[in-house]
Amino acid sequence: MFKEKFHKKLAANLLLNGFEEPTELQSKAITKINGGFDVIGVGPANIGKTTLIAMMTVQKLQRAIEDAPRALILVSDMEKAIALKELFLLFTKDTDLRTYCVYEEGKINKEAEEIYVGTDILIGTPKRILDLYFIRNLNLNKIKLFVIDDAEMMLKIAAQGHIDRLALSLPKCQHLVFTDSLNEKIEKLIHKFIIAPHIIEVTEERH
């Protein structure tokens, strides 16, 4: 049960939204992530990767502390950014955690202003995050958790250079990467900033 693994508000929100039992991936990964280890989660769709990202980020941060983001989550496009933000809104109910998402289709000046007001969890496409960092002085000095969702898609959109520059600009933090498969290209994507991660692989889909 999630209530045995997470703080009360998160556990209640999970139950309220129909998440009663962890998937195989979640069961294997929660303890490692809570322990502060870098983790690569590998497996097909429908094994709970995106849900794991949201629940573990909320668990790690728990409450708002400062104005600068403490979790940075990279996604491949606007649709995924918006969908992930909606999931976070469910899981952060009755907490003061603030979630914001950015993407190329948005207005960069407005995005910079909104982030400056205060954001705990920042979701975005690699290019837009990098633009905000270099052009609008986005403060990434407080990042504690750096997450890459759907690493294969990052390769398809040629985001490796953006990810390299972002990852090497961050302070020491915990890294989570989620991918359908772990191959040489994925390893090349992450090898500059992840050393000896815990690899958790699940082969069966959730039914």
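The numbers here are math on the coordinates, done by the rules we state, and not lab data. Because the structure is predicted, anything quoted here is derived from the model rather than measured. In this analysis, Cβ positions are derived from the backbone assuming ideal geometry, glycine residues included, and neighbour counts consider all displayed protein chains.
As a calculated quantity, the FRET efficiency between TYR116 and LYS192 at R0 = 25 Å, using C-beta atoms, amounts to about 0.30. Karplus-derived 3J(HN,Hα) values for the range 44-55, using 6.51 cos²θ - 1.76 cosθ + 1.60 with θ = phi - 60°, are x, 5, 6, 10, x, 5, 5, 4, 4, 4, 5, 5 Hz; glycine and proline are entered as x. Phi angles of the range 135-144 translate, via the Karplus equation with coefficients 6.51, -1.76, 1.60 and θ = phi - 60°, into HN-Hα couplings of 8, 10, 6, 4, 7, 10, 6, 9, 4, 10 Hz per residue; Gly and Pro are given as x.
In plain terms, the residue of LEU90, LEU140, LEU176 with the fewest other Cβ atoms within 10 Å comes first and the most crowded comes last, giving LEU90, LEU140, LEU176.
Using a Förster radius of 22 Å, what is the FRET efficiency between ASP77 and ASN183 based on their Cβ-Cβ separation? Nearest 0.05, please.
Efficiency computed from Cβ-Cβ geometry: 0.50.
Multiplying the residue separation of GLU20 and ILE157 by 0.36 nm and removing their Cα-Cα distance gives an extension gain of 45.8 nm.
Taking every DSSP helix (H) stretch of at least 4 residues in the chain, weighting each as -39,500 (n - 2.57) and dividing the sum by the residue count yields a mean residue ellipticity at 222 nm of -12500 deg cm²/dmol.
In straight-distance terms, cross-link reach from LYS8 covers every one of the aspartates and glutamates whose alpha-carbon lies under 17 Å from its own, apart from those fewer than eight places away in the same chain; here that gives GLU20, GLU21, ASP94, ASP96. Among the listed values (1) 1.01; (2) 0.95; (3) 1.18, the one computed from these coordinates for Cα Rg over 2.2 N^0.38 Å is (2).
Taking amide H as placed 1.01 Å from N in the peptide plane, THR95 has no amide H partner under 5 Å among residues 5 or more places away or on another chain.
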